[in-house]
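Step one of this worksheet: look at the structure below.
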Amino acid sequence: MAKRPANLIYGVDEGPGTGSLLLLGFQHIFILSIAFIFPVVIVDAIGGTPDQAQKLISTAMVATGIATILQGLNNRYIGSGYLCPLLNGPAFLSASLLAGKAGGLSLIFGMTAIGGAFEALFSRIVPRLRALFPAEVTGTIVTMVGIEIIPLAVTRFQGIDRTNTVADPVAVTVGFITLIAMVGFNVWGKGRLRLYSVLIGMAVGYVAASFTGILTAKHLGQLLNTPIFKAPSFGEYGLSFNAALLIPFLVATLSSALKTMGDLTICQKINDAEWKRPDMKSISRGILASAAGNLVSGFTGALGQSVSSSNVGLSIATGATSRRIAYSIGGILIFSAFFPGLASIFVIMPTPVMGASLIFSASFMILAGIQIITSRMIDARKTFVIGISVVFGLSVDLVPGLFKHTHPWIQPFFSSSLSLATVCAIILNLFLRIGISKSAEIELRPGVDSSDKVFTFMEHHGSQWGALKDVVYRAASVINEFLESVSRSGISEEDLKVHVTFDEFNLDVYISYNGLPVRFSEKQPSTTELLQDENPLPALSSFLMSKNTDSIKSSVKGEQCRVHFHFDH
C-alpha cells in the first residue's frame, strides 16, 4: 500500500469537500483551456469557419470531461486511479492537419477513432514492456514533458499568440504579477492559500490585465453576448477513413501513449513516499482510459486526446492529488459544454496569465523528472541514454524547421521535443543494454579486504544495473558487516565468495564460505545483554544485518556454509 507523502494536502484517496472540489476543478480547467487553441488552429488551416471552431471546442469539452473521469477511476478494468486530466493534445496536431487537408473534419474524426482503437490494443501489452522503461527512460520522458511546455509558456508569458507576434512589455508585466502571486501564495501560503494558489494568482492576473488594457470591454461583451444554453453538435460531420493516413495517426497515438506513461509515472511518484518503480498495470489501465477518450472524440466530433502534463504539475504544486478532483473537472467540463457563456470565461483568459500558469506548472514537472532519474545510480550507459535523448529532443525547439523534411508518416515523432526524446531514449536504452550482465562475483578475505573494496564493487555494478542507491548501499553495508563479523569471530579464515544478482524487483547477495555457520536474530539485544556477554559484537552484528535486509536464509552442507541476503527493489 502506498505511503502518503507529508507534503500533500489531499492525497489520491482523500476527498475534499464539495466547495473545495468545485474550486480545485475550476483551477485545473483554467489550465486545460489553453488547449482550446488547437481546434481553432485546425479549423483555420483547412479553411473552416469560426462557428465550426466553436462546435469543436464544445464537443472537445464533453470528450475531455468523459476521458478525465475515466482516467480517475480506480478499478481493475479501466482508469489509472489518479488525477491526470486530458485535453486536445498537440501529439495529434500534425496528423490531424494532414487529415483535415485531405478530407476535412470527417476524416480527422474517423482517423482519431482508429487511433483510439490502436491505443486500446497497445494498453494491453504495456505491462509486458517494462524492460523498455527503466528509471532513466521514464525520468527523461517526465523531464521532457516539462521542458516541452517551455516554448508555449514563455511566448504566452510575453503576450505572443496568434494575433500578437512581438513581445509586449505590458503583457510581460502582467505575466510577472501573475507568476509572483502564484509562487508567493504557494511558498508562503498555508492550507487553502497554497491549495488555491494558482486560482488566486489567475484572479490577480485577470485584474492586472483589465487595468493594463489587455482584458478589454470587447472581451466582456463577448462573454455577455454568448448564448446561455446551446447543446453541442455531436457527430455532425460524420466519419471517414483513409488508409494512407493510418501510419501518421498510429505514430501520433503511440507518441501520446508514451507521454501518458510519463505523466502517470509522476502521478504514482507524488502519491507514494516510498515509490520505487512504475506500476505498469495502473499505467495500462490509464492508457486504456485515454484510448476511450479518443474513441469518444472520434465519434462525437472532437480532436485527439492526450493527458495534460501542466495539470499534473499543478497538482504537485498545490498538494491536491485526490482522484475526486478528476470527477469534478470532468463534470464541470461537460456542464460547461452546454453553457457557452461559462466556457467563454476560459476562452478569454489573458495570454500572459496563461503563460505564467504554464511556467508555474512546468517547474514542478521538470524537477520531478530529474528526481526520477537521480533515484537510480548512473553510469556511462545511462548518461548517454539521458544526454543524447535530451539533446535531440531539445533540437526540435532550438532549431525550428530542422525536421520539416521528414516523411509525413513519421512526422509526429519529430513534431515535438517530447516525442523525439522519448523515441531516442527507448532505442538507446535497448542498444546500450547489450553486454550488461545482471550478476557479479567477488572474493573477499576476512581481516584483509577493506570496506572500500566492497563499496567500490557494489557502486560499479549498481550503476550498470540502474539499481536504487539506497538498496545498493544497504547491500554493501550488509556484506561489510558480514565480512567483519566473520573476521572478528574467526569462524572462517578462507576467502568468502560473494555472488550478487539483480533484476528490476530484487537484489540478492549469496555468500559462500567454508567454516562455521552464522546465527542471525531479528531481536535487538538489550544493553544488559550486551554488557553481560563476553563477546557482544556477534549478537549486535547479527541484529544489524537482519535489520538492513528484507530476508535472510542460510544453509550448511558439510563444511560449506551459504547465506542468502535478499533486498526488495
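The values are calculated or read from the model by the stated rules, or taken from the named source; none is laboratory data. All values derive from a computational prediction rather than experimental measurement. Cβ placement follows ideal geometry from the backbone for every residue including glycine, while neighbour counts extend to all protein chains displayed.
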Take ILE114 and tell me if it is under 22 Å from SER415 (Cα atoms), in the same structural domain as ILE42 (by TED's automatic domain parsing), surrounded by fewer than 24 Cβ atoms within 10 Å (Cβ to Cβ) and modelled with pLDDT of 95 or more. yes
Inside the stretch 490-520, can you point out the residues that are under 30 Å from SER437 (Cα atoms), among the aromatic types (Phe, Trp, Tyr) and modelled with pLDDT under 90? PHE505
The stretch 425-465 - residue that is buried (at least 21 other Cβ atoms within 10 Å of the Cβ) and under 30 Å from LEU398 (Cα atoms) and, of those, modelled with the lowest pLDDT: ASN429
Of the conditions (1) over 18 Å from ALA63 (Cα atoms); (2) in contact with a helix residue (DSSP H, G or I) (Cβ under 9 Å, 6 or more places away or on another chain), ALA243 fails just one. Which one is it? (2)
Tally time: how many residues in the stretch 466-490 are in contact (Cβ under 8 Å) with a residue 24 or more places away in the chain and either surrounded by fewer than 17 Cβ atoms within 10 Å (Cβ to Cβ) or not hydrophobic (A, V, I, L, M, F, W, C) (or both)? 11
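Restrict the check to the stretch 103-110 and report whether at least one residue is under 28 Å from GLN411 (Cβ atoms), of a type in the set (A, V, I, L, M) and touching an Asp or Glu at 6+ places or on another chain (Cβ under 8 Å).
Residues of the stretch 103-110 under 28 Å from GLN411 (Cβ atoms): 103-110.
Those still in the list that are of a type in the set (A, V, I, L, M) too: 105, 107-108.
Checking the rest, the ones that are also touching an Asp or Glu at 6+ places or on another chain (Cβ under 8 Å) come to none.
Among the residues of the stretch 103-110, not one is under 28 Å from GLN411 (Cβ atoms), of a type in the set (A, V, I, L, M) and touching an Asp or Glu at 6+ places or on another chain (Cβ under 8 Å), which makes the answer no.
For the stretch 1-104, please list each of the helices (runs of 4 or more DSSP H) lying entirely inside it that holds at least 3 residues being within 26 Å of GLN268 (Cβ to Cβ). Break it down stepwise before answering.
On the way: elements: 18-32, 37-45, 50-72.
In the stretch 1-104, the matching helices (runs of 4 or more DSSP H) lie at 18-32, 50-72.
Check GLY435, GLY447, GLY401 and return the single one that is without any contact (Cβ under 8 Å) to a residue 12 or more places away in the chain, in a loop (DSSP other than H, G, I, E, B) and farther than 30 Å from LEU98 by Cα. Working first, answer last.
On the way: GLY447 fails: without any contact (Cβ under 8 Å) to a residue 12 or more places away in the chain; GLY401 fails: farther than 30 Å from LEU98 by Cα.
Only one candidate passes the filter, namely GLY435.
Yes or no, residue by residue, for (1) modelled with pLDDT of 95 or more; (2) of a type outside the set (D, E, K, R):
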site	(1), (2)
VAL166	no, yes
ALA181	yes, yes
ARG192	no, no
GLY205	yes, yes
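Within the group PHE109, PHE92, PHE157, which residue is over 30 Å from THR383 (Cα atoms), crowded, with 24+ Cβ neighbours inside 10 Å and in contact with a strand residue (DSSP E or B) (Cβ under 9 Å, 6 or more places away or on another chain)?
Working: PHE109 fails: in contact with a strand residue (DSSP E or B) (Cβ under 9 Å, 6 or more places away or on another chain); PHE157 fails: in contact with a strand residue (DSSP E or B) (Cβ under 9 Å, 6 or more places away or on another chain).
Going through PHE109, PHE92, PHE157 in turn, the sole match is PHE92.
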Counting only helices (runs of 4 or more DSSP H) entirely within the stretch 208-319, those with at least 2 residues that are touching an Asp or Glu at 6+ places or on another chain (Cβ under 9 Å) and of a type in the set (A, V, I, L, M) are 246-270, 280-300
Can you pull out the residues in the stretch 167-180 that are under 26 Å from the mean Cα position of the chain (by Cα) and not β-branched (Val, Ile, Thr)? LEU179
Which condition from (1) out of contact with any Gly (no Cβ under 8 Å at 6 or more places or on another chain); (2) over 21 Å from ALA302 (Cβ atoms); (3) modelled with pLDDT of 85 or more is the one that ILE57 breaks? (2)
In the stretch 147-187, which residues are farther than 15 Å from MET354 by Cα, touching a residue at least 60 places away in the same chain (Cβ under 8 Å) and either touching a Leu at 6+ places or on another chain (Cβ under 8 Å) or not assigned by TED's automatic domain parsing to the domain that holds ILE316 (or both)? ILE147, GLU148
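Here is a check on your reading of the model: is GLY313 over 16 Å from the mean Cα position of the chain (by Cα) and either within 19 Å of SER33 (Cα to Cα) or among the small types (Gly, Ala, Ser) (or both)? Show your work before the answer.
On the way: over 16 Å from the mean Cα position of the chain (by Cα): no; either within 19 Å of SER33 (Cα to Cα) or among the small types (Gly, Ala, Ser) (or both): yes.
Here the answer is no, as GLY313 does not meet what is asked.
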Filter the stretch 209-238 down to the residues that are among the hydrophobic types (A, V, I, L, M, F, W, C) and within 33 Å of the chain's Cα centre (by Cα), then identify the one that is nearest to PHE30 (Cα to Cα). ALA209
